[in-house]
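Can you keep this structure in mind? I'll have questions shortly.
The values are calculated or read from the model by the stated rules, or taken from the named source; none is laboratory data. Because the structure is predicted, anything quoted here is derived from the model rather than measured. Don't worry about glycine lacking a Cβ; one is built from the backbone with ideal geometry, like all the others, and counts go over all protein chains shown.
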Amino acid sequence: MNEKTTTNNNNHLLIGGVDALELVSKYQTPLYVMDEEKIRKQCQTFMSSFKHNLVNTEVIYASKAFLNIAMCELIQQEGLSLDVVSGGEMFTAITAGFPASKIFFHGNNKSIDEIKLALDHHIGTIVLDNEDELKRLSSLVNKEHKVRVMLRINPGIDAHTHEYIRTTKNDSKFGVSIFDPKTLFLIQSIHNNPSLEFVGFHSHIGSQIFEENSFKELATTNLKYIQHVKKQLGIEVKELNLGGGFGAHYTKEDKPFSLESFLPQLLETIHLISKELEIKTPKILIEPGRAIVAEAGYTLYTISGTKETFGGKNFVFTDGSMADHLRTALYQAKYHASLANRMNDQVEKNYTVTGKACESGDIIIKDVMLPVPKENDILVVYSTGAYHYSMSSNYNRLLKPAVVFTANGKSRLVVKKETYEDLIRNDLRLGK
Ligand SMILES: Cc1ncc(COP(=O)(O)O)c(C=O)c1O
């Protein structure tokens, strides 16, 4: 059992006050369940803690972690802004009625069509990644409608996290390096463009970061660069977006720091360093994704049985797969799980949880202690709110699960389970 879980008298897991088995019978498995109150609480923690009486701030939800129309509505209700990285994410936000002025359009390879979509809908800020993007954007803008832009810079900071979710090493595909002399020319040309309003820099050092110092180092390096830009070009950088990356709890090895105490400290540090560097303290923006949704998510699976291999490995077979749970295969991510219908049973054995995909790498959890599972037991995998639904695929033509929000003992469907018809909707016949 997870230390933060609640159960009822039948030893069933409760998610947002709803019995996990009730959810299974209503919506089937595999099923993504999001505890709505947990998401809202995280939003409120970021909004109330990322404040300083001398520093302007903004909290932006990184929608790549988990996005659908209901989530856009929730984020709007909680007052956060929204980061999108593709035409698809942008379209979802626009369709949900999310205020365009509060949308930040990121990504390292924005197409002409995506930029047009952003301009047509007056998306608030475009975060440019490189010179080519500047050329593409410049070809579409005019002086009558100035576009707010930021530039993604790479401060070369090495956050201690998995290589694939680390983004600011010098050879990262994102942004332009602050050590590259050409970057100053790029800043100058953005600034000189009469159709653009250059507001500042964006950087993001990676994900699942547990070291407060990584963020402080990021802020300090960026502030020094802002000073450098002021000295070299006479350009005052008004805004600094420090990206996301705040860690979440997956297993007991993960120890996220307290946002309530760290975020005000970070702002105070930024204020003091700006003073020392004799620059105006920029507005500071952050972009958490994972930390807002990861721990609110639970995936429910039906177990069909177990298999002990000749080599001595114990598998648990579920009706899920790497198609709905990719992070283990992709990043060797670790998870914790329980039997949602036998929450108080003693754990007995170590298992590898797998699913239906035709891949040896189809691993949901590599090692987890469980009671001996029986057919039709329900497995719950914890902390699956971030980068699960959003990374899900139809590999093996498996159907993407439904997404349900729970709160105050009630559940509501926010994304329907796919059907076989959905799978073939865009397929065209070869004909004769
Ligand atoms: C530009 C940018 N901002 C924010 C995030 C969110 O990161 P996290 O979910 O770790 O908070 C990411 C994640 O990749 C990102 O690329």
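Pull out all pairs, ordered by first then second residue, where Cβ-Cβ is under 8 Å, the residues are six or more apart or on different chains, the first lies in region 119-130 and is in a strand (DSSP E or B), and the second is more than 12 Å from the ligand (Cβ to nearest atom) and not aliphatic (A, V, I, L, M).
What qualifies is Thr125/Arg148; Ile126/Lys110; Ile126/Arg148.
Within region 271-321, how many residues are assigned by TED's automatic domain parsing to the domain that holds Lys255 and away from the ligand (no atom under 16 Å from the Cβ)?
13
Which of the numbered conditions does Thr309 fail, given that it passes all the others? Conditions: (1) among the hydroxyl-bearing types (Ser, Thr, Tyr); (2) under 28 Å from the mean Cα position of the chain (by Cα); (3) more than 24 Å from Tyr27 (Cα to Cα).
(2)
If Glu253 satisfies all but one of (1) assigned to a loop (DSSP other than H, G, I, E, B); (2) in contact with a helix residue (DSSP H, G or I) (Cβ under 9 Å, 6 or more places away or on another chain), what's the number of the condition it fails?
Failed condition: (2).
While we're here: Do you know which of the residues in region 137-156 that are among the basic types (Lys, Arg) and surrounded by fewer than 17 Cβ atoms within 10 Å (Cβ to Cβ) is modelled with the highest pLDDT? Give the derivation first.
Residues of region 137-156 among the basic types (Lys, Arg): 143, 146, 148, 152.
From what is left, the residues that are surrounded by fewer than 17 Cβ atoms within 10 Å (Cβ to Cβ) are 143, 146.
On the way: Lys143: 85, Lys146: 94.
That would be Lys146.
Restricting region 230-245 to residues that are aliphatic (A, V, I, L, M) and closer than 21 Å to Leu267 by Cβ, which is nearest to the ligand (Cβ to nearest atom)? Give the derivation first.
Looking only at region 230-245, we keep the residues that are aliphatic (A, V, I, L, M), and these are 233, 235, 237, 240, 242.
Add one more test, that the residue is closer than 21 Å to Leu267 by Cβ, and what stays is 237, 240, 242.
Working: Val237: 18, Leu240: 13, Leu242: 9 Å.
Taking the candidates together, the pick is Leu242.
Within region 364-380, take every residue that is surrounded by fewer than 15 Cβ atoms within 10 Å (Cβ to Cβ) and part of a strand (DSSP E or B) and give me the one that is nearest to the chain's Cα centre (by Cα). Write out each step before concluding.
Our first condition is that a residue be surrounded by fewer than 15 Cβ atoms within 10 Å (Cβ to Cβ); within region 364-380, this holds for 367, 369, 374-376.
In the following step, the residues that additionally are part of a strand (DSSP E or B) were identified as 367, 369.
Details: Asp367: 25, Met369: 28 Å.
Filtering region 364-380 for residues that are surrounded by fewer than 15 Cβ atoms within 10 Å (Cβ to Cβ) and part of a strand (DSSP E or B), the one nearest to the chain's Cα centre (by Cα) comes out as Asp367.
Whether any residue in region 81-104 is part of a helix (DSSP H, G or I), under 20 Å from Gly247 (Cα atoms), away from the ligand (no atom under 16 Å from the Cβ) and free of Cβ contacts under 8 Å to residues at least 60 places away in the same chain is what I want to check. Break it down into steps so the answer makes sense when it comes.
Narrowing region 81-104 to residues part of a helix (DSSP H, G or I): 87-96, 100-102.
Now narrow it down to the ones that are under 20 Å from Gly247 (Cα atoms): none.
There is no residue in region 81-104 that is part of a helix (DSSP H, G or I), under 20 Å from Gly247 (Cα atoms), away from the ligand (no atom under 16 Å from the Cβ) and free of Cβ contacts under 8 Å to residues at least 60 places away in the same chain.
Next question, about the same structure. Given the criteria small (Gly, Ala, Ser), in the same structural domain as Gly200 (by TED's automatic domain parsing) and at negative phi, does Gly243 qualify? It would help to see each step written out before you state the result.
Details: small (Gly, Ala, Ser): yes; in the same structural domain as Gly200 (by TED's automatic domain parsing): yes; at negative phi: no.
It is false that Gly243 is small (Gly, Ala, Ser), in the same structural domain as Gly200 (by TED's automatic domain parsing) and at negative phi.
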